[in-house]
Amino acid sequence: MTDDGTADAAAALGSALADLNRVLRRSTSRRTGRPPLSDAQVEVLRLVERWPAISVKEAAERLHTAANTVSTLVGDLAGAGLLERDRDPQNRRVVRLRLTPAARGRIDEYGAHRRDLLLDALDRLDDQARRDILRAAPHLHRLAGVLADQERGDQQRAGTARREPERQP
């Protein structure tokens with residue numbers, strides 16, 4: 001890549017997204033009066049929301065995290081009343097995960113507060129800045145997908161590189 005300022009702009013974008021995430025989490029938690037969930041806990045809840053009845057093992061694979069780490073997060077979330085753990089009727093050794101009504105309510109509440117915070121902040125920007133930011137949302141989603149695909153590829157290559165020496169005599 002030629003350095004036409006893209007590297008600096010990419011660094012500024014990463015910094016801005018991190019700042020935005022941090023401020024939204026802090027402000028949303030303050031509005032709800034609840035302590036924030038960790039990023040890892042939120043990832044598990046979002047995954048279970050997208051994939052109801054996912055197993056702990058499947059969740060670990062999708063999150064590219066050790067099963068025992070996901071199991072600990074699931075235990076904490078279940079203890080907080082946000083996840084239900086049910087045994088799979090076909091294989092009693094497998095635990096299936098579902099959001100509780102409390103988790104759904106919390107997700108909806110947090111989403112509404114985040115939306116309201118963003119709407120309030122967007123109203124304070126000039127029209128052009130507001131339009132540019134709103135137009136960027138689909139592109140940011142695609143960028144997140146590209147990064148997720150890249151991460152999966154990197155992890156698959158790293159896993160293959162680790163396993164290959166084990167197969168050699």
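The values are calculated or read from the model by the stated rules, or taken from the named source; none is laboratory data. Because the structure is a prediction, the values reported are computed rather than measured. Heads up, the Cβs are rebuilt from the backbone with ideal geometry, glycines too, and the neighbour counts pull from every protein chain shown.
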Next item on the list: Return the total of residues in the stretch 143-169 being at pLDDT below 50 and surrounded by 11 or more Cβ atoms within 10 Å (Cβ to Cβ).
Entry: 0
Check: Do you know which residues across the stretch 19-37 are loosely packed, with under 15 Cβ neighbours inside 10 Å and β-branched (Val, Ile, Thr)?
Finding: Val23, Thr32
Note to self: Restricting to the stretch 93-134, name every residue that is touching a strand residue (DSSP E or B) at 6+ places or on another chain (Cβ under 9 Å) and of a type in the set (Ser, Thr, Tyr).
What the structure shows: Thr100
Check: Does Gln128 qualify as being at pLDDT 95 or above and exposed (fewer than 10 other Cβ atoms within 10 Å of the Cβ)?
Finding: yes
Item checked: Residues of the stretch 70-109 classified as loosely packed, with under 13 Cβ neighbours inside 10 Å and under 16 Å from the mean Cα position of the chain (by Cα), total -> 1
Checklist line | Number of the exception - Ala112 against (1) small (Gly, Ala, Ser); (2) surrounded by fewer than 15 Cβ atoms within 10 Å (Cβ to Cβ); (3) closer than 29 Å to Asp149 by Cβ | finding: (3)
Check: Given the structure, is Gly105 modelled with pLDDT of 95 or more and among the small types (Gly, Ala, Ser)?
Finding: no
